[in-house]
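The values are calculated or read from the model by the stated rules, or taken from the named source; none is laboratory data. Keep in mind that this is a model prediction, so the values were computed, not measured. Positions of Cβ are backbone-derived with ideal geometry, glycine not excepted, and every protein chain shown enters the neighbour counts. Heads up: the accessible areas ignore ligands, DNA and RNA and are worked out on the full protein's heavy atoms, side chains in. Shrake-Rupley method; radii C 1.70, N 1.55, O 1.52, S 1.80 Å.
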Amino acid sequence: PLKPFNRQALPRLKRRSFGATRCDSTTGDKINQVSSSSGVVYVHSEQLIRLCDTLLKVPKRAGMVHSLLEAYGLLQNMTVLPPHRTTKEDLTVFHSQDFVDCLERLNQEDDSEKNEELKQQFGLGYDCPTIPHVFDFVCLAAGATLRAAQALVNGESRVAINWCGGWHHAKRDEASGFCYVNDVVLGILKLREKFDRVLYLDLDLHHGDGVEDAFCYTPKVLTCSFHKYCPGFFPGTGSVDDVGIGKGKFYSVNVPLKDGIQDNQYFSVFCRVVDQLKQCYNPSAIVVQCGADTLADDPMQSFNMTPTGLARCLHHVVSAWQLPTLLLGGGGYRLANTARCWANLTATVLGCRLPAEIPEHEHFLEYGPDYQLDVSPTHRPNLNTDEYIEKTIAAITENLEKISDG
Ligand SMILES: O=C(CCc1ccccc1NC(=O)c1cccc(C(F)(F)F)c1)NO
Ligand SMILES: [Zn+2]
């Protein structure tokens, strides 16, 4: 009788695949070779992590995200690139010279009174306390987003990720909502060097006001933000009637939501809106701000989402549309859950399935008491009635009928 076929005897075959990377469920070892153009670029450096870890509202979050990706073996399936070190000129593509000069001056943490008055002028007072080396942070965070955008412009990959970016509130000449630089605007302006129509999707709990403001006059960037909208909630903008101005009219889309929304309803709203955007705007590239402060257990205590729910939304646009895609971070104040979420999103674009158990690594104990990858929704009332959702989507649909594809 023939000897039983012994797989182990064969050299490890590099089975050709068609663009998807499947990960061995235990170590995340790459099983299938993917061609680089459909690969994923991940921008990272130790200095970027070190600076982001000093952010007062998300201390050590950047390090937790990176080490969880590493522990799951996801880095082996991506091209890891260092950020650009941006110059002041790179920043003044969007920000004012005075604001950039101020950030540079504040780099040394001398907190003299003279600086106090200067800080107030640029929004660097109470809301955005300056951190030591704030200018170094700004240059590297923006540089990471610019390097990711450059990878898409160069065709080095189809997807590029910077989880240390997504600072969507910063204005041309003012820090806002803990955002000292608007890396999102800088990244979109870089993409516009090659792509005619850029679609920006903002999934953060808060309205992406800084990005919308930057592009509200142009149809070349369509900004679409899904966010909590209710009296007194920051930043207070982003009503469904906020549609953009002049040539940009109807190219700003806002999806105002109430507390308590969960995965299924969010996914339904998301698809009904973005499928219309795909159809009538026909974007040539997309940018997704993946702020994780919508998760069930976030201190913001607002939405009731899970990482799986956000991954379904991301899969719907990134994997189905196959467009050049820039993924950025954002809010997310339950740090371990934000790391769980962005690991899940990274695996989603890689086509990897991750084991439910958090792997042993430096921050393992922060994932207790369950040490599981997924997060469960909590029991909280959902204020998004079907009637409210239908009315909101009807208003958006009416607005979108006024734009044809670019
Ligand atoms: O997440 C943001 C900014 C949130 C923000 C803007 C303006 C003023 C305050 C905030 N953030 C907070 O209040 C905040 C940030 C981190 C942690 C907390 C906590 F108190 F909920 F933990 C609260 N944008 O996407
Ligand atoms: Zn937020």
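Sorting the Cα pairs of segment 206-263 by distance into bins of 10 Å, from 0 upward, gives 27, 51, 19, 3 percent per bin. Against the longest alpha carbon principal axis of the chain, how many degrees, from 0 to 90 and to the nearest 10, is the axis of helix 386-400 turned? So the inclination is approximately 80 degrees. Compared with the dominant Cα axis of the chain, that is its longest principal axis, helix 61-71 is turned about 10°. Distance between the C-alpha centres of segment 146-215 and segment 330-377: 24 Å, rounded to the whole angstrom.
Count the net charge of all other residues whose Cβ sits under 11 Å from the Cβ of ALA170, scoring Lys and Arg as +1 and Asp and Glu as -1.
Details: positive: LYS171, ARG172; negative: ASP173, GLU174, ASP183, ASP209, ASP213.
Cβ neighbours under 11 Å give a net charge of -3.
The alpha carbons of segment 344-406 occupy a box of 52, 36, 17 Å along the principal axes, longest dimension given first.
Helical content alone sets the calculated 222 nm signal of the chain at -11000 deg cm²/dmol, taking -39,500 (n - 2.57) per DSSP H segment of four or more residues and averaging over every residue. What is the helix-to-structure angle for 307-321, meaning the angle in degrees between its Cα long axis and the longest Cα principal axis of the chain, kept from 0 to 90 and rounded to the nearest 10? Taking Cα atoms only, the helix is inclined about 80 degrees. Take each peptide in 274-281, 234-241, count the other Cβ atoms within 10 Å of every residue, and average; sorted highest first, the result is 274-281, 234-241.
With both labels modelled 7 Å from their Cα along Cα-to-Cβ, the GLN121 to ARG353 distance reads 5.9 nm.
Comparing HIS361, HIS227, HIS206 in a Gaussian network model of the chain, where Cα atoms under 10 Å apart are tied by springs, the biggest mean-square fluctuation is seen for HIS361. Considering the zone a paramagnetic label at LEU365 would reach in this model (a point 7 Å from Cα along the Cα-to-Cβ line), which residues of segment 332-357 have amide N under 18 Å from it? Answer for segment 332-357: 335-337. In terms of the mean number of neighbouring beta-carbon atoms within 10 Å, the peptides 135-144, 295-304, 389-398, 248-257 order highest first as 135-144, 248-257, 295-304, 389-398. The residues ASP98, ASP263, ASP183, sorted by heavy-atom accessible surface at 1.4 Å with ligands and nucleic acids left out, run ASP98, ASP263, ASP183 from largest to smallest. Across the alpha-carbon atoms of the chain, the computed radius of gyration and Dmax are 21.3, 90 angstrom. Take the Kirkwood radius over Cα pairs of segment 86-223, plug it into Stokes-Einstein at 20 °C and 1.002 mPa s, and you get 140 µm²/s for translational diffusion.
Given segment 208-326, what whole percent of its Cα pairs are spread farther than 17 Å? Provide the component values of the computation, followed by the final result.
Working: 4034 of 7021 pairs.
More than 17 Å apart: 57 percent of the Cα pairs in segment 208-326.
Among 340-346, 369-375, the peptide with the highest mean count of other Cβ atoms within 10 Å heads the list, and the full ranking is 340-346, 369-375.
For GLU174, the accessible surface of its heavy atoms amounts to roughly 80 Å² (probe 1.4 Å, protein chains only, rounded to the nearest 10).
Taking Cα atoms of segment 284-406, Rg/Rh with Kirkwood Rh, to two decimals?
Using only Cα positions, Rg/Rh for segment 284-406 is 1.03.
At a probe radius of 1.4 angstrom, the accessible area of the chain per residue rounds to 42 square angstrom. The accessible-area ordering, largest first, of the residues ARG192, ARG172 stands as ARG172, ARG192, per a 1.4 angstrom probe.
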